[in-house]
1. Suppose we filter B:Asn91, B:Asn105 for residues that are within 14 Å of another protein chain (Cβ to nearest Cβ) and surrounded by fewer than 16 Cβ atoms within 10 Å (Cβ to Cβ); which single one remains?
2. Any chance the stretch B:69-76 includes a residue that's more than 9 Å from chain A (Cβ to nearest Cβ), over 13 Å from the mean Cα position of the chain (by Cα) and in a strand (DSSP E or B)?
3. If only one of B:Ala170, B:Ala184, B:Ala147, B:Ala193 is surrounded by fewer than 17 Cβ atoms within 10 Å (Cβ to Cβ), more than 25 Å from A:Leu131 (Cβ to Cβ), of a type in the set (A, V, I, L, M, F, W, C) and under 15 Å from the mean Cα position of the chain (by Cα), which one is it?
4. Sort through B:Leu115, B:Leu96, B:Leu136 and tell me the only one that's surrounded by 19 or more Cβ atoms within 10 Å (Cβ to Cβ) and touching a Lys or Arg at 6+ places or on another chain (Cβ under 7 Å).
5. Determine whether the stretch B:168-179 contains at least one residue that is over 21 Å from B:Ser33 (Cβ atoms), of a type outside the set (Gly, Ala, Ser) and part of a strand (DSSP E or B).
6. Would you point out which residue out of B:Leu136, B:Leu118 is in contact with a Phe, Trp or Tyr (Cβ under 9 Å, 6 or more places away or on another chain) and part of a loop (DSSP other than H, G, I, E, B)?
7. Find the residue count for the stretch A:127-165, including only residues that are within 14 Å of chain B (Cβ to nearest Cβ) and either hydrophobic (A, V, I, L, M, F, W, C) or farther than 14 Å from A:Phe62 by Cα (or both).
8. Give A:Leu90, A:Leu121 a once-over and let me know the one that is within 12 Å of chain B (Cβ to nearest Cβ) and either modelled with pLDDT of 90 or more or touching a Gly at 6+ places or on another chain (Cβ under 7 Å) (or both).
Amino acid sequence: MSAEQRLTWRRRLFAFVVASVGAAAATAISFAMTVYEAAHPKPVPIAAPGQPIDTGRWTITFRDARTGSLPPTGIKPSTPKKLVMVEFDLDNRSASTSNVFSRLFAIEPPIANLPPPAFYLARDKSVAGGLQPDMPERMIAVWEWPAAVPVPEQLRLKVATQIHKQRDNLYGAPGWFDREPAAFVTLAVGTSP
Amino acid sequence: MSAFLKGLGGVALAAAVLYGMQRTTPGYGDITSPRPVTGKLGHRLEGRAFAIDIAKVQLARRVITKGASRDSTFTTSGVWVVVEGTAEALNESLTLLSAEWLGPNGVRYAASQRLSSLPGMLPGQRLEPGLPTPVLMAFEIPESQVAGGTLLIARSAWAPLAEQARIEMAGVKPVDIHSSLVVARAQGRVPWALSAQ
């Protein structure tokens with residue numbers, strides 16, 4: 001092996017080592033940051049009732065919570081039911097009509113055997129369809145509360161957020177994706193007929 | 001030295017080309033977006049699978065529906081847009097499940113589900129080839145989105161590369177808004193009767 005050849009080999013090795021160290025450092029820093037962030041989650045803000053909460057896709061303002069036996073339709077169900085209702089204002093901030101309310105908020109901590117709520121449009125006193133963009137509406141979420149579980153005096157709700165991605169990581173298609181919760185809201189549960 | 005500059009130039013050029021390609025690559029949503037067929041209000045628009053002719057557009061603050069047992073009043077924070085027309089399948093029987101109002105600001109308002117039980121609503125009408133069928137659509141939109149709107153009609157809202165009729169709503173202006181529009185059931189070819197109040 002000539003001296004010149006040995007020099008190019010040495011250069012190549014040096015470049016390889018520099019690149020490896022750089023890549024290893026980047027990986028280590030990124031991993032450490034992920035671990036640190038997971039260990040120190042940002043505190044979720046507490047929102048007051050009546051305060052608008054920006055969830056990315058929606059703006060939601062909780063009004064009140066109550067328990068009763070009469071659903072928002074005003075028609076008494078044939079078998080008596082224990083209902084828990086949460087009234088809120090909802091504004092669709094996306095660019096198209098949406099009826100994806102189901103993951104908007106959840107009771108925290110979760111209650112066993114609680115079926116998902118039904119959503120009613122207060123204006124029509126009937127089950128809500130899609131909400132039009134930029135046209136806020138008063139809505140009522142109604143849970144059929146299990147008979148064995150007492151209705152709490154206070155309802156703690158975790159409000160979720162979603163962000164819009166122009167290109168998702170799998171197909172490169174646009175869509176809405178869940179992110180960390182936006183806020184916790186505590187509502188006093190009143191009574192209604 | 002000149003070889004080094006040439007190399008640098010090559011790298012810069014490659015970076016510029018790659019950046020340009022990255023910025024202009026159409027996304028999955030663009031690649032699979034519906035194929036538009038454009039038309040105008042009052043003219044029959046013929047696509048491959050279906051033909052549609054929008055005859056009349058009326059605006060109202062409230063829609064009152066006459067039911068068998070009781071009347072219902074539907075209010076809105078914006079304005080109701082009630083669209084009447086005729087649709088026809090061209091090759092095979094089909095239903096047009098998706099109707100949207102595209103406002104001038106680019107926001108799409110789907111046909112209101114609050115009035116979906118009315119007779120003759122577009123998603124409920126089965127269209128047969130050679131039999132033009134009267135269809136009704138109702139939209140709930142902010143007043144600012146009335147002028148300059150476009151009606152988008154397709155077999156489904158999600159089907160990739162499907163045909164989409166885009167009908168320019170020229171001449172629809174938020175000047176003559178009825179205070180209320182009464183929709184009643186009717187016997188005959190057109191299953192509804194609209195009257196302004």
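1. The conditions single out B:Asn105.
2. Looking for residues that are more than 9 Å from chain A (Cβ to nearest Cβ), over 13 Å from the mean Cα position of the chain (by Cα) and in a strand (DSSP E or B), one finds at least one in the stretch B:69-76, hence yes.
3. B:Ala170
4. B:Leu96
5. The answer is yes, given that some residue of the stretch B:168-179 is over 21 Å from B:Ser33 (Cβ atoms), of a type outside the set (Gly, Ala, Ser) and part of a strand (DSSP E or B).
6. The match here is B:Leu118.
7. Of the residues in the stretch A:127-165, 12 are within 14 Å of chain B (Cβ to nearest Cβ) and either hydrophobic (A, V, I, L, M, F, W, C) or farther than 14 Å from A:Phe62 by Cα (or both).
8. A:Leu121
The values are calculated or read from the model by the stated rules, or taken from the named source; none is laboratory data. Predicted, not measured: the structure shown is a model, and the values here were computed from it. As a convention, Cβ positions derive from the backbone with ideal geometry for all residues, glycine included, and neighbour counts pool all protein chains shown.
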